[in-house]
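Data block below; observations after.
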Amino acid sequence: MNTACAHIIDDDEAIRDALQWLLKTRKIPCVTWPSAEAFLAALTPDWHGCAVLDIRMEGMSGLECFDVLRAQGNELPVIFITGHGDVPMAVAALKKGAYDFIEKPFDDSDLVAVILSALEIDAERQRARSQNLAVMEKLTLLTAREREVMELILKGKYNKVIADELDISMRTVEAHRSRIFEKMGVRSAVELAQTLKGIDA
Amino acid sequence: MSLPYRIARLTWLPLVVFLLLIVALLWLTLIHDKETQRKTLISDALWMGQSLHFQFERNAAQLAQIAPELVTSDISPQTDARLRQILRAETSLIRITWLDAEGNTLGTVPSRPAAAHAQIDPDLIQFARNVTRPVYGPVYRAAQGGHQFKVYVPAFTDSGLLGISVGVYSLEALLSRDLPWWFTQRYRVSIVDSSGNEIAARSHAAPLSDTLTHSMAFEPPGRGLQLHIVAYREDVRWIPILLISSIVGLAAILLWSFWMLRRQLVRRVDAEQALRGETLFRKAMEDSLLTGLRARDLDGRITYANPAFCNMVGYSPEELIGMDPPMPYWHPDHIESLQKTHDMILSGHGSRAGIEVRFMRRNGEPFDALIFEAPLIDANGHHTGWMGSIMDITERKRIRELARQQEERLHATARLITMGEMASTLAHELNQPLAAINTYNSASLNLLSAEQTSRDELHEIHTKIARQTYRAAAIIHRVHDFVRRSEPKWERVQLNELIREALELMRADAHKRQIEIKSRLSNALPQINADPIMLEQLIINLVRNAMEASAQQPRTRRIVSVTTALQPPHIILSVADRGHGIPPESAKRLFEPFFSTKQEGMGMGLNICRSIAELHHGRLTFEPHPEGGTIFILTLPVEQESVPQ
């Protein structure tokens, strides 16, 4: 189940079925779960897409399910479906980082739009995450000395200053510098900084 | 020391004085008695001395008279007779001897041996001659025993001494013969010589008293002789003994009665003290009681009021006691009903469960009191009045009222919450199929706008839509079922009865709000088919609305009239108030659900009322009261042809 899809979690079979039909007619892949427990039991960290959670359910409620997801470090975007009067709960969930909420009875095109945008966001995140993985891999190629030099380069210091601080010759610094650029696959300090942005070195 | 004992001790003083007086009296009586006896003794002794003296004088005179005959001639028979006369047995003169002038013995009677002559003392003869009167000689012991003395009596003629006659007295004879019997009975008489020896005595066998004695000179014969008189022990003198013993007896009775009196007094004082203690205790109890107590006589006049009651009403006991109804602490608005209650109690029909009344303190503050009346029965079992205990229940009532209001509010809130929950559940439940239908619908629209439309898929979706509509219908049906559970229970009921019950329920509330409920119920109403609980609820609702509409009105307008009338084929029930009336803009919406002019109202009251009326095939309408206010009119058919089962 590595492909991105919308996970619909609702204890009402009719709603599940209807939503499945709706998404099917819009060509959006989806999987349905009769309860939060069933969903969480099957969940693996590599799942992509989004979760459509009914707030009011038998057993574990949507909110509880959301809390468990976040506690596991799963950043799957979550869209809540709320009944009449559950809006304050949904707002609270939004503040905790839920993606959006749709009030029942919902406008189906709105719901589809929200699901699509959530899927898009997730895909974007997925892309960023795979890019970061590549940069991390390159970083592992650097020696300890090269890492030191790189950090100073990222701080925008000149070779001379770096040589003074590390108590090495200007030439050595230049040699390190060219090797770093080579290993990281960049051509300038600016490009290096851009690549490393968002990665906790 | 306590007072009564001091009193008891003080009373000893007169007692002691009294006893002393008695003793003094006794003593004085004894002294006086003794003195009297002594006086008697002395006078008796003097009398006896005198009597002896006379005896001697007479004897001497007789001797002097007879002497010439004896001396001058032989003794003639006359002389002899006279001698014998003198020497008669009962005198103490035992012998007579006569002598001539020279002192020679001429004769003696009774004749005696000559030896007797020698005892004649010539000196004494001489002496008698010289003094020319009788001379007594000394006492001597006679030869034949006993003591004797002589008297020498000279007899003279014109020429001189003629002769001397000598009389011999025997002391023993003197004592035995010359003393009268009563004297010797009473006294012991003895003769003592000058040296103090008793030489003769006349005595009885009785022991002698040594207290009453008297001695006097025995003269003649003189020569130091003494007559000694001793009173015999007195015979029992009953009168003084009786007197004294009666005095002692009386004193003893007096003492006894005094002692009894004292004991009685002590007991009485003790009893009084106990009584006082008891009274004080009871008074303290009454005073510290928080319940007011008041007693009334059979006419209803107050005869007693305890401090709690006085504090309650603000009048002093002096002001209250003797008061006639109407009492000043009766609330002026309730005087009639209070008078009625009062009369009821006096006629003995008071309730044992207590009567709730409204009183007013002196400062005008009204208060509610709970009165328990009981007949006052005195110690003899007579019914003398009425005893009432009064409790100020204003605070209690206020709290009760507060609790009631709170409870009502709670109920209202609970009802609201229940309704809210029901509505919320209903909304959620209905939302589910609606949302599903909506979504299916969108999906089918999507399918329709797609290039290739699958009829099967469309069919499937629409089947599902239909299923969801059934589901929604089922939910609606369930709600209806729930509502149907409160179906009416039909009974034959009398509307008037229901009204009375409802008004009874409302009475306390009306009393609190000072609203007068007037009911004019027609006697001609037939029974109708109705659900009594629903109908009663309807009546309560209408009356409560009327009361709430009256609440802000002045007292005179706080009147709710409940009227029933028969107008075939209908029964008309009208509930009229003189309240603020209904503004036209509210009038249109009055029966709408959730419309209320009241702050806490749910807006269901009149709606439910109308539903109930319609359920009974009746109508609920309203019209303005001609004098201001509103009249709600319930019209019910007398005979309901078909009653829903």
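Points worth noting:
- Test item: A:104-110 mean partner chain Cβ contacts at 10 Å: 5
- Peptide packing for A:183-196, B:534-547, B:248-261 was compared via the average number of neighbouring C-beta atoms within 10 Å per residue; ordered from the highest value, the list is B:534-547, A:183-196, B:248-261.
- Estimated distance in nm for a label pair at residue B:46 and residue B:492, the labels positioned 7 Å out from Cα along Cα-to-Cβ: 13.6
- Taking other Cβ atoms within 10 Å as a rough exposure proxy, B:612, B:476 sort from fewest to most as B:476, B:612.
- Fully extended contour minus Cα-Cα distance, from residue B:404 to residue B:36, at 0.36 nm per residue: 121.6 nm
- Antiparallel bridges, percent of DSSP beta bridges restricted to the protein assembly as shown (to nearest 5): 80
- For the peptide A:24-30, the mean number of other protein chain Cβ atoms found within 10 angstrom of a residue's Cβ is 3.
- Chain B - mean residue ellipticity at 222 nm from DSSP helices (-39,500 (n - 2.57) per run, n ≥ 4, rounded to 500): -17000 deg cm²/dmol
- Residue-wise HN-Hα couplings along region B:354-366, as the Karplus relation 6.51 cos²θ - 1.76 cosθ + 1.60 with θ = phi - 60° gives them from phi, are x, 10, 9, 9, 10, 10, 9, 6, 4, 7, x, 7, x Hz; Gly and Pro carry x.
- Global form of region A:5-129, assessed from the alpha-carbon gyration tensor, a/c cut-off 1.5: rounded
- FRET efficiency, 1/(1 + (r/R0)^6) with R0 45 Å, evaluated for residue B:144 and residue B:27 via beta carbons: 0.30
- Dipole of chain B, positive direction: furthest Cα of B:399, B:280, B:433, with charges on the beta-carbon: B:280
- Between residue B:279 and residue B:74, the simple spin-label model (points 7 angstrom out along Cα→Cβ) gives 12.0 nm.
- Amide H contacts for residue B:303 (H built 1.01 Å from N in the peptide plane; partners 5 or more residues away or on another chain; cut-off under 5 Å): B:295, B:296, B:297, B:322.
- Couplings for region B:423-429, taken from phi via the Karplus curve 6.51 cos²θ - 1.76 cosθ + 1.60 with θ = phi - 60°, read 4, 5, 4, 4, 4, 5, 4 Hz in order; Gly and Pro are left as x.
- FRET efficiency estimate (nearest 0.05) - Cβ-Cβ, residue B:413 to residue A:123, R0 41 angstrom: 0.20
- Value of relative contact order over chain B, rounded to a whole percent, pairs C-alpha under 8 Å and six or more apart: 6
- Per-residue HN-Hα couplings for region B:435-447 [Karplus 6.51, -1.76, 1.60; θ = phi - 60°; Hz; x = Gly/Pro]: 4, 5, 4, 4, 5, 4, 4, 4, 4, 5, 4, 4, 4
- The modelled label-to-label distance for the pair residue A:70/residue A:178, using points 7 Å beyond Cα in the direction of Cβ, is 5.2 nm.
- Between the beta carbons of residue A:138 and residue A:13, assuming R0 = 56 Å, the FRET efficiency works out to 0.65 to the nearest 0.05.
- Counting beta carbons within 10 Å around each of B:323, A:57 and listing the fewest first gives the order B:323, A:57.
- Counted charge near residue B:574, where neighbours are those whose Cβ lies closer than 10 Å (Asp, Glu -1; Lys, Arg +1): 0
- Near residue B:367, the amide H atoms lying under 5 Å from its own belong to B:359, B:360, B:361; only residues 5 or more places off or on other chains count, and H is placed 1.01 Å from N.
- Residues whose amide H lies under 5 Å from that of residue A:33, counting only those 5 or more places away or on a different chain, are A:8, A:9, A:10; hydrogens are built 1.01 Å from N in the peptide plane.
- Given charges at beta-carbon only (K, R positive; D, E negative), |dipole| of the protein assembly as shown in Debye: 2700
- Tensor-based shape of chain B (alpha-carbon gyration tensor, a/c under 1.5 rounded, otherwise prolate or oblate): prolate
- Among the listed pairs A:160/A:197; A:96/A:197; A:24/A:104; B:489/B:518, those beyond 22 Å (Cα-Cα): A:160/A:197; A:96/A:197; B:489/B:518
- Structure-based [θ]222 nm, chain A - -39500 (n - 2.57) summed over DSSP H runs of at least 4, per residue, nearest 500: -17500 deg cm²/dmol
- Inter-chain shielding of B:440-449 (mean C-beta neighbours from other protein chains, 10 Å cut-off): 6
Every number here is computed from the coordinates shown, using simple stated rules; none is lab data. Please read these numbers as outputs of a predicted model, since none were measured by experiment. In this analysis, Cβ positions are derived from the backbone assuming ideal geometry, glycine residues included, and neighbour counts consider all displayed protein chains.
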